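Written out below as structure tokens is the structure these notes cover.
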Amino acid sequence: MQTERQTLSYLIDFIHAEPVDKSAIFTQLKCSDAEARLLRLMTREYLEGSADMSAYDLLIAAYDKKQLDFVHHIQEVKNLIDLGWVILNSFHHIKTSELSLLDLLHHSISLSSTFLKLLEEGNLDLVLPEIKAYEDHLEYLQDEFLRIDLYRKLAIIRQSYDQTSPSYKRVRSKLGMLENQIKERIKVSKETPKLHKYFRDRHLEEKEQLIFLALLKEEYAGTDDNLRDMNTLIELISFDDYEKIKNRSLLEENAPLIEKGVIDYDEMLTPFGGISRSFFITEEVLKEVIHPKKKKPQKIRLEALIKEQEIFELLEPRTTLEDVVLHPKTREMLEGVLRQMDKSVNARLKEWGIKDKKSTIDGRIIFHGHPGTGKTLTALSIARSLKKQVISFDCSKILSMYIGESEKNVRKIFDSYKEIVAKTKNEPILLLNEADQFLSARTSGPGSSAEKMHNQMQNIFLEQIERFGGILIATTNLLESIDPAFSRRFDYKIKFEKPDQAQREAIWQKLLPTNAPMAEDVQIAELARHPLTGGQIQLVIKNTATLVAAQEEPLFTRQLFEDVIRKEISGAFGDEKSMGFLA
């Protein structure tokens with residue numbers, strides 16, 4: 001093992017060697033004497049605490065400023081960047097081939113980690129062990145993870161340089177040597193590494209294997225690094241723009257890796273309003289690969305579990321937040337909630353000790369507002385964004401259950417949810433619809449036996465909310481009557497406003513059948529003047545369509561719509577409720 005003094009010997013030698021081409025590392029630099037002297041200047045600045053500097057400052061330190069001699073040497077800086085010894089400091093990826101010399105002059109530059117490693121070790125050659133059998137799967141994984149590091153380094157280099165650059169060729173050469181080494185070591189191993197066997201048995205192609213290895217490396221590192229990001233994974237396995245387009249199919253919805261249940265992804269809203277995908281290896285596959293002999297409890301599909309009980313209804317999310325017409329403030333709050341439920345946020349809270357290491361993403365949310373304003377549909381849309389299913393309970397039915405057993409039934413809701421979570425693969429969202437029964441203010445004083453029962457039921461509900469782990473969404477029409485004790489237990493309280501004119505027009509536009517016969521006088525802007533909620537608009541269209549379908553010559557007219565709207569407003573169609581409304 002090198003001592004600290006020996007480790008620094010190449011650095012000291014490079015600083016003091018005269019001429020510079022006599023230094024021990026000069027032959028590996030593949031550059032001119034003048035370029036090596038610029039590197040030495042930057043190294044001295046680095047040792048004195050200046051990690052970066054402009055190309056201009058470097059050149060005027062080496063050449064005459066008054067006579068403009070430094071202008072003739074800008075190319076030397078560019079050559080050092082192409083060689084990989086110096087890097088551009090920029091938030092944007094700039095290909096040096098597209099950068100003019102004058103553009104470069106005032107760019108910030110610094111020594112690359114590759115050059116610093118050369119100063120420290122005196123050699124950049126990849127030192128591979130002799131060909132020998134793998135002792136265990138960890139030894140094999142160590143080589144595979146080094147392989148991923150080299151692929152990632154190539155991807156980073158490609159963003160700034162073309163594939164003819166010396167630094168790119170250097171890393172590509174190392175990668176080729178390592179891949180040959182892995183193949184030869186597998187050949188002489190008594191047992192095929194289990195992960196290699198898994199790839200072979202599942203018929204995973206080379207690029208699918210690389211995606212899997214990158215995600216597995218993240219699992220072992222215990223981080224949520226951007227290797228999980230879709231674009232980063234595509235960059236990793238693509239060597240040109242054509243391949244980037246082609247390789248997207250490996251991570252699309254119907255990709256073999258996803259359809260076979262090998263990997264999955266979370267969809268999250270970005271701060272800019274887009275949707276990003278973060279990929280991960282499924283829990284079942286992880287256990288199979290990391291602990292193949294360890295027996296694991298069998299997980300049951302949620303659909304099967306719901307059929308075995310009578311408490312919950314399974315609601316399948318089919319829309320995203322982009323599909324729902326919402327008041328801008330409501331949408332802003334919901335997007336903020338989703339950002340706070342991101343896996344990376346959860347990981348940081350665990351790291352800081354705010355949350356238990358074993359805890360999952362959680363949140364207790366109240367949606368409140370008029371019926372038909374999209375509360376339930378939004379809950380389903382959030383579930384779609386989080387790639388979760390929803391099990392729903394209609395709280396208005398709790399008092400109609402066995403008399404005197406309402407308190408027990410409250411506890412049964414949460415106990416049953418916990419049993420389902422323990423048996424299923426993906427923890428569902430618990431949706432408590434019409435939760436007014438639970439959330440209203442408790443009575444004080446002696447009260448009747450019914451009031452006492454109601455208070456007891458609410459106390460149990462309060463206790464269960466306090467201890468709840470996971471995502472719970474409660475919907476209510478009346479936030480004003482909520483007991484303050486309940487209000488404090490919820491992390492988020494989001495109001496759903498009645499839609500305005502523009503939002504009503506969007507709802508009408510979405511819900512009106514496009515292939516139905518419409519009279520010329522049917523104008524969406526006119527229909528949207530009526531202050532209906534999204535649920536009411538949906539009901540009006542349904543009832544109007546039923547009337548039109550019964551006509552000998554079916555035709556939707558404005559007058560017919562107006563008649564049905566008037567009846568809806570007056571309550572002629574009763575209190576039928578809708579889950580929400582689409583965009």
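To keep it simple, each residue is scored yes or no on (1) open to solvent by 20 Å² or more (accessible area, probe 1.4 Å); (2) within 19 Å of the chain's Cα centre (by Cα).
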{"position": "GLU322", "(1), (2)": "yes, yes"}
{"position": "HIS327", "(1), (2)": "yes, no"}
{"position": "MET341", "(1), (2)": "no, yes"}
{"position": "VAL345", "(1), (2)": "yes, yes"}
{"position": "LYS397", "(1), (2)": "yes, no"}
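Per-residue answers, yes or no, for (1) in a helix (DSSP H, G or I); (2) out of contact with any Ser or Thr (no Cβ under 6 Å at 6 or more places or on another chain); (3) at pLDDT 90 or above; (4) surrounded by 13 or more Cβ atoms within 10 Å (Cβ to Cβ):
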residue	(1), (2), (3), (4)
GLN2	no, yes, no, no
ALA34	yes, yes, yes, yes
LEU41	yes, yes, yes, yes
TYR46	yes, yes, yes, yes
ASP57	yes, yes, yes, yes
PHE70	yes, yes, no, yes
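Candidates are the residues of the stretch 132-181 that are without any contact (Cβ under 8 Å) to a residue 24 or more places away in the chain, of a type in the set (Asp, Glu) and assigned to a loop (DSSP other than H, G, I, E, B); the one that is most open to solvent (accessible area, probe 1.4 Å) is GLU135. If the condition is being at pLDDT below 85 and either in a strand (DSSP E or B) or aliphatic (A, V, I, L, M) (or both), then the stretch 476-500 contributes LEU478, LEU479, ILE482, ALA485.
Look at GLN181 and say whether it is of a type outside the set (Asp, Glu), at pLDDT below 90 and within 26 Å of LYS246 (Cβ to Cβ). Considered against the rule, which asks whether it is of a type outside the set (Asp, Glu), at pLDDT below 90 and within 26 Å of LYS246 (Cβ to Cβ), GLN181 comes out as no. Are any of the residues in the stretch 362-378 assigned to a loop (DSSP other than H, G, I, E, B), among the hydroxyl-bearing types (Ser, Thr, Tyr) and either in contact with a strand residue (DSSP E or B) (Cβ under 7 Å, 6 or more places away or on another chain) or at pLDDT 80 or above (or both)? Yes, because at least one residue in the stretch 362-378 is assigned to a loop (DSSP other than H, G, I, E, B), among the hydroxyl-bearing types (Ser, Thr, Tyr) and either in contact with a strand residue (DSSP E or B) (Cβ under 7 Å, 6 or more places away or on another chain) or at pLDDT 80 or above (or both).
Rundown of residues vs (1) out of contact with any His (no Cβ under 7 Å at 6 or more places or on another chain); (2) loosely packed, with under 13 Cβ neighbours inside 10 Å; (3) of a type in the set (Gly, Ala, Ser), yes/no style:
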position	(1), (2), (3)
ILE460	yes, no, no
GLU466	yes, yes, no
PRO484	yes, yes, no
PRO499	yes, no, no
ALA502	yes, yes, yes
LEU511	yes, no, no
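Restricting the first member to the stretch 184-211 and to residues that are assigned to a loop (DSSP other than H, G, I, E, B), and the second to residues that are open to solvent by 60 Å² or more (accessible area, probe 1.4 Å), the beta-carbon pairs closer than 8 Å and six or more apart or on different chains are THR192/ARG200; ARG202/LYS260. Within the stretch 262-285, the set of residues being modelled with pLDDT of 85 or more, more than 23 Å from GLU235 (Cβ to Cβ) and open to solvent by 30 Å² or more (accessible area, probe 1.4 Å) is empty.
The values are calculated or read from the model by the stated rules, or taken from the named source; none is laboratory data. Keep in mind it's a predicted model, so treat the numbers as computed, not measured. Positions of Cβ are backbone-derived with ideal geometry, glycine not excepted, and every protein chain shown enters the neighbour counts. Keep in mind that these areas ignore ligands, DNA and RNA; they rest on the heavy atoms of the full protein, side chains included. Shrake-Rupley method; radii C 1.70, N 1.55, O 1.52, S 1.80 Å.
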